[in-house]
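Heads up, the thing below is written out as structure tokens.
The values are calculated or read from the model by the stated rules, or taken from the named source; none is laboratory data. Worth saying up front: this structure is predicted, and the values here are computed from it rather than measured. Cβ coordinates were reconstructed from backbone atoms using ideal geometry, including for glycine residues, and neighbour counts include every protein chain displayed.
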Amino acid sequence: MTRGQIILRGLAALTGLMAILVGIPALAFTLGATPESLIPPLHGDLLIALHWAWQDGSLLTWLFRVLLWAGWLILVAQIAREVFAHLRYGAAVLHQRLAATGPRAWIASLVSSVILMAGTTSNAAPATPTTIVATAQADPSPATPNGDGAQVTVAHGDSLWSLAETHLGDGNRYPEILELNRHDIQNPNQLRPGQQLRLPTDAVQLPARSPLAYQIDVQPGDSASTIAQREYGDPAHWHRIWEINHHRPQPDGRVWRNPQIILPGWKLWIEPAHNAPESAHTTPRPTDNTRTPAPPPSADNDHHASPSTVTLPSGAVVGIGLATAVTALLIIGRRRRRARRKLPGTLHGRSEPRSSSPTLRALEYAALQAPAAEERRWTWPPNNAQLTAHTTAGRPVSLDLAANAGIGLTGPGAPSAARAIIAGLLTTDSLHPGQVIIASELLADVIGISDSQGITITDTIDDALTTLETELARRSRLLAEFEPDLGDDTALWRAYQDSDPAEALPEILLYIAPSRRANLRLEVILTLGRTRGIHGLLHGPWPTRLEIDDSGTITGATGHDLLGARLETLGPLEAADILATVNAARAESPAEPDEELPPAPPPPSLPAAAPVRLAVFGPFRIYVNGKELDSGLRKLSRELMAYLATHPGGTTLDTLQDQILPNTPFDKAKSQIQTAVSALRAQLRSLTGDADAAFITYRVERYQLDPETVTTDLIELDHLIASDEPSTSLIELCRPGEPLADDLYSWAEPVRESIRQQALNALLHLSRNTEGHQAIDALDTAVHLDPYAEPVYQRLIQLHTDSGNPNAAFAVYRQLRAKLADIDSEPTAETDALLPIRRPRPHR
């Protein structure tokens, strides 16, 4: 509330008080109800006088005059009492007045408004000889520690004693504050309001809030409990309001000292309902004395850092959560393609690896560098849809869309932010994935999104609202039949979802442009729907609104304090890449078309006795003179060896930097790679005893493995395929399993797929040219190499059926079903047709 509003309210309250104090007596005199007329005409016996007064009607007139003056006196006494309470005790009794009902409450409101207008700043009488006041920080965000500790702002009436008592727990410690601020305090007995003072590092009771907190105005009759009831749905949460607002300066110059006492016109910060408050009572502030030193940077850990944001090639920024979700969908999509891929069983060379788009590569790289999280598939009930921003310090903050009946996005960055929010909802791996409804094709064109898995684009706004009204009615009906009464609608909704996971009740996000004709209807849907899993994102102004610039930075906000934070954003092409990933992971994949495979490679030369052998099948391993080198090797050196082992033709320094260290500046990456190669050579020379061996050569600006000293199992694979007579050696070569298994290299998946395809076709070829257990062993190895390749299972089922072993055939089929269920798929009709028919046994 502005100062002008306070003055206007105070003038209105003063008019009301004058109407009571002067208007009622004036009305009484006008009606002839003077104080003298209150004396009853007693002539003789009292009973006889009352009898005649009743008969002629004068008794009622007299009673009316008595009640009029008695009521006026009561009001005057009440006003005097409130004025005395405010001037003598400050706010010490105001909470009790405003918490009451009837005349007592509105009289207290009138008095408080007049006093606020007058700017009275008196408060409770001090308990010590000095003037005691509380302190507050001028800025609503937490105080920032400096070299001497936290900073606070002096409020009216503060003293060094009161500061020490409030923040240090003992008034006798006031000399410590004086010593820290000796050059800033002119008179220790009189502090200036608004003055910034430093406190010792162990100061407590420093209010803190998250960047998502928003302000409300205290209204007459409000208390901490009633505000908690209104904002959180539970009056017991009043302490959350107290913890982030106590000792904060208010517009009238006062501060909040007592949790039971607040004044109309004050501004209080409110944490969103889903955010736990940061309390200075429970979480100590970090100081120089307790800070844990960070480990020194090294070439090995520099490129494995895991920031909370990912910068895409276009400059857009998203969170690591979206990167992880997209990477999980990428893995599922790849497995689904492998399941439907055709395997002709021919001998061929390795096809050229197909790289992902730059956007997907950046997201996958960031996800692989992030700390491993517990794998959770098809979570239920789902989390509320979130809008995620990142502070200048890099800390993510989330705004729960369910806490608002719609959020409007405006400014040039609104379409980019909308794409990121939509992508975040669609990529969440839920039992029933989220759905997005875009109201009109025109709006879909604005953000560059077309029909996709999980997205519905309606022809008109009315069509979108009608769809949501129908869904809202269905959800409300289901909830009405649900017995538990948990009080909170959102908790009740989650409990219902948890009670019947088979009922498809996904999170729904409506993306719509505000329309005067439809706004009332829209507001009803979003108000009711926010506790039913239906949320609104509006392309335009709305009561709760964020204004976003081109970079995604929030430059204006209503309802939430997010100024300066940067929203996650996506460009049209980046969003298209992510939506294509969603389609590949969730839409039913058709059979992969026939692929033109490269011819079989010429027989490579096998070194007679290379001292170093690199094994690509299974986890990447390095053998020196037949013994595995499992320790003492830099991570970057190991990754370089793996990359060169899978690229026998060698590669340039530019390519190595792009594939292995994509987020590292070229000069720094060049230095790290050269250091890793040097360290690798030194270690291998020491282990082999060959001081002249290079192991990795650098000729014509290309790094390559030295074929005289290093061999790989891929060279052996090429030799077996080129001989056109794969033998049991092929089975042993592939038995360790998937190439580069358990190695989280961002460049590895396309290479892994190329090697896997070559080996699978070679094993299928071997199974068709051998019989019995050797053929089955080849196919079992192929299943271990790719547990999702349905053509391999088909061949294995056929072999068991032809050999008269139906139980083994059904066991293989069950294994296939279990694997395909992991990617939300199932065997094709072609596979079902291969199963032997179980004939009923004849009765004996």
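Condition (residue is outside the structural domain of M641 (by TED's automatic domain parsing), in contact with a Gly (Cβ under 9 Å, 6 or more places away or on another chain) and within 21 Å of A339 (Cα to Cα)) applied to segment 737-760: is it met by at least one residue?
Yes, there is a match, as at least one residue in segment 737-760 is outside the structural domain of M641 (by TED's automatic domain parsing), in contact with a Gly (Cβ under 9 Å, 6 or more places away or on another chain) and within 21 Å of A339 (Cα to Cα).
Please pick out the residue among A138, A164, A155 that is touching a helix residue (DSSP H, G or I) at 6+ places or on another chain (Cβ under 8 Å) and either at pLDDT 80 or above or within 17 Å of I244 (Cα to Cα) (or both).
After applying the criteria, what remains is A164.
Do the conditions hold for T553, that is, is it closer than 10 Å to I407 by Cβ, of a type in the set (S, T, N, Q), touching a strand residue (DSSP E or B) at 6+ places or on another chain (Cβ under 8 Å) and buried (at least 16 other Cβ atoms within 10 Å of the Cβ)?
Here the answer is no, as T553 does not meet what is asked.
Tell me which residues, restricted to segment 394-419, are among the hydrophobic types (A, V, I, L, M, F, W, C) and either outside the structural domain of G571 (by TED's automatic domain parsing) or outside any loop (DSSP other than H, G, I, E, B) (or both).
V397, L399, L401, A402, A403, I407, L409, A414, A417, A418
I'm told Q497 meets every condition in (1) over 27 Å from E231 (Cβ atoms); (2) at pLDDT below 85; (3) in a helix (DSSP H, G or I); (4) among the polar types (S, T, N, Q) except one. Can you identify the failing condition by its number?
Tallying (1) over 27 Å from E231 (Cβ atoms); (2) at pLDDT below 85; (3) in a helix (DSSP H, G or I); (4) among the polar types (S, T, N, Q), Q497 fails exactly one: (1).
Please enumerate the residues belonging to segment 623-640 that are touching a strand residue (DSSP E or B) at 6+ places or on another chain (Cβ under 6 Å) and either surrounded by 17 or more Cβ atoms within 10 Å (Cβ to Cβ) or free of Cβ contacts under 8 Å to residues at least 60 places away in the same chain (or both).
If the condition is that a residue be touching a strand residue (DSSP E or B) at 6+ places or on another chain (Cβ under 6 Å) and either surrounded by 17 or more Cβ atoms within 10 Å (Cβ to Cβ) or free of Cβ contacts under 8 Å to residues at least 60 places away in the same chain (or both), then Y623, E628, L629 are the ones that fit.
Anything in segment 221-239 that is part of a loop (DSSP other than H, G, I, E, B) and either crowded, with 19+ Cβ neighbours inside 10 Å or modelled with pLDDT of 85 or more (or both)? List them, or say none.
D222, S223
Got a sec? Which of L799, L740 is more than 30 Å from K635 (Cβ to Cβ), of a type outside the set (V, I, T) and out of contact with any His (no Cβ under 8 Å at 6 or more places or on another chain)?
Only one candidate passes the filter, namely L799.
Looking only at segment 338-360, how many residues end up being surrounded by fewer than 21 Cβ atoms within 10 Å (Cβ to Cβ), basic (K, R) and not in a loop (DSSP other than H, G, I, E, B)?
So the answer is 1.
Filter segment 558-589 down to residues that are in contact with a strand residue (DSSP E or B) (Cβ under 7 Å, 6 or more places away or on another chain), of a type in the set (G, A, S) and surrounded by 22 or more Cβ atoms within 10 Å (Cβ to Cβ), then give me how many there are.
1
Identify all residues within segment 739-760 that are in a helix (DSSP H, G or I) and either crowded, with 20+ Cβ neighbours inside 10 Å or under 32 Å from the mean Cα position of the chain (by Cα) (or both); write none if there are none.
Result: A748, E749, P750, V751, R752, E753, I755, R756, Q757, Q758, A759, L760.
Counting only residues that are surrounded by 18 or more Cβ atoms within 10 Å (Cβ to Cβ) and at pLDDT 80 or above, which one in segment 266-284 is farthest from L401 (Cα to Cα)?
W266
Might you check whether a residue that is among the aliphatic types (A, V, I, L, M), at pLDDT below 90 and either outside any loop (DSSP other than H, G, I, E, B) or farther than 21 Å from D786 by Cα (or both) occurs anywhere in segment 721-738?
yes
Please determine, by comparing only the residues of segment 420-444 that are over 18 Å from the mean Cα position of the chain (by Cα) and part of a helix (DSSP H, G or I), which one is surrounded by the most Cβ atoms within 10 Å (Cβ to Cβ).
L443
Being assigned to a helix (DSSP H, G or I) and among the β-branched types (V, I, T) is the filter here, so list the residues in segment 656-685 that pass it.
I660, I673, T675, V677
Looking for something crowded, with 21+ Cβ neighbours inside 10 Å and at pLDDT 90 or above - is there at least one such residue anywhere in segment 647-657?
yes
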